[in-house]
Amino acid sequence: MKLKKNIALVLLSFGMVSLLAFSNKDDVGNGKTQKTLKRIVIDPGHGGYPKPSQGNYGASSEWIEEKDAALAIAFKLKKIIEESIPDVEVYLTRTTDVFDNARVKASKANDFKGDLFISLHCNGQDPIPHREIVDYKTTTVKRKGKKITKKIPIYHTYYTPNPAHGTETYIWGIGKNDEKEEAIGEQNFSDSSIVNFDPKDPAQRVAISLRTEKYAERSRLLAATVEEEFTKQGRVSRGVKQRDYKGIWVLQAVAMPAILVEMGFLSYPEEGKYIASEQGQQEIAEAVGRAVKRYKFSLDNKMNNGKTSK
């Protein structure tokens, strides 16, 4: 009985090692030089809806709309990446003013077999309401059968811009790892050498879990690098964030490292004007482009060190 247990453990370990070797096929394989970053998907947020009153329109301001800023910066970022990393393919989830829901965007990214997903968005906050008394009106009311006069204040309501401003970059929430593992299991293993992939198989689940951890680590690395590049430009960084409870569905639905960049608040006048300007859009694209280049260098360096140490 003990012998049978040992044999089973050996077989399971062998299966796990084989799968782990497969799960790292994007780093090292067959003794040949492998690219760490081959395809990047850029997702310009929102689009398609003609009025702010309609759903999924995104942030809006008197200077520019989120959907237009995201698309303009996406084109600039694509050009920067193609020029600075010429052996990388770049794909945009939209190139016109159209709206696709998150499922369609995730499907496009997965079909392209991207190695990295970058979603571009802008933040916005409602203006802050203020009320002040500007006058009084006199009115007569009856109380217990008696007429009395009463002064009623007249209010004026006005609004000031919300002071929230700065950049922030999101990764998928750790509480959404199950969804991420499901996406990786469906996409990254469907075209592998593994026959009859079974997500309930313990060894295969371990391989998917480890790949999910790797993608989470890479997403955090890129997100932190993006915010660092914004800070170098003099922007206010609100840091790297997660939405653990609600999550950001598209980030966990793509089978690759993924980030969502909030490039600033359109509702903050100084930032809204900056995002609407040609200079601001170019500088934002350059910051994200430099972060991607640093990210690739980090992956390449890790891969080369791994080869050297073997």
Item checked: Test: residue in region 219-230 that is in a helix (DSSP H, G or I), among the aromatic types (Phe, Trp, Tyr) and under 22 Å from residue 115 (Cβ atoms) -> no
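Residue-wise test of (1) of a type in the set (A, V, I, L, M); (2) under 30 Å from residue 163 (Cα atoms); (3) in a helix (DSSP H, G or I).
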site: 36; (1), (2), (3): no, no, no
site: 47; (1), (2), (3): no, yes, no
site: 73; (1), (2), (3): yes, yes, yes
site: 80; (1), (2), (3): yes, no, yes
site: 86; (1), (2), (3): no, no, no
site: 107; (1), (2), (3): no, no, yes
site: 114; (1), (2), (3): no, no, no
site: 118; (1), (2), (3): yes, yes, no
site: 133; (1), (2), (3): yes, yes, no
Note to self: Here is a check on your reading of the model: is residue 252 of a type outside the set (Ser, Thr, Tyr), surrounded by 17 or more Cβ atoms within 10 Å (Cβ to Cβ), over 23 Å from residue 284 (Cα atoms) and modelled with pLDDT under 95?
What the structure shows: yes
Next item on the list: Could you identify the single residue in 288, 240 that is β-branched (Val, Ile, Thr), assigned by TED's automatic domain parsing to the domain that holds residue 89 and assigned to a helix (DSSP H, G or I)?
Entry: 288
Checklist line | Looking only at region 101-110, and only at residues there that are more than 15 Å from residue 184 (Cβ to Cβ) and of a type outside the set (S, T, N, Q), the one that is surrounded by the fewest Cβ atoms within 10 Å (Cβ to Cβ) | finding: 103
Next item on the list: Assess whether residue 270 counts as being loosely packed, with under 15 Cβ neighbours inside 10 Å and modelled with pLDDT of 95 or more.
Entry: yes
Next item on the list: Scan region 155-172 residue by residue and report those that are among the polar types (S, T, N, Q) and out of contact with any His (no Cβ under 9 Å at 6 or more places or on another chain).
Entry: 162, 167, 169
Notebook entry, point to check: From the residues in region 68-100 that are under 20 Å from residue 282 (Cβ atoms) and charged (D, E, K, R), which one is surrounded by the fewest Cβ atoms within 10 Å (Cβ to Cβ)?
Noted result: 83
Check: Within region 161-177, which residues are over 26 Å from residue 62 (Cβ atoms), of a type in the set (A, V, I, L, M, F, W, C) and part of a loop (DSSP other than H, G, I, E, B)?
Finding: 172
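The values are calculated or read from the model by the stated rules, or taken from the named source; none is laboratory data. Values in this document were obtained by computation on a predicted structure and should not be read as measured data. No Cβ is skipped: glycine too gets one built from the backbone with ideal geometry, and neighbour counts run over all protein chains shown.
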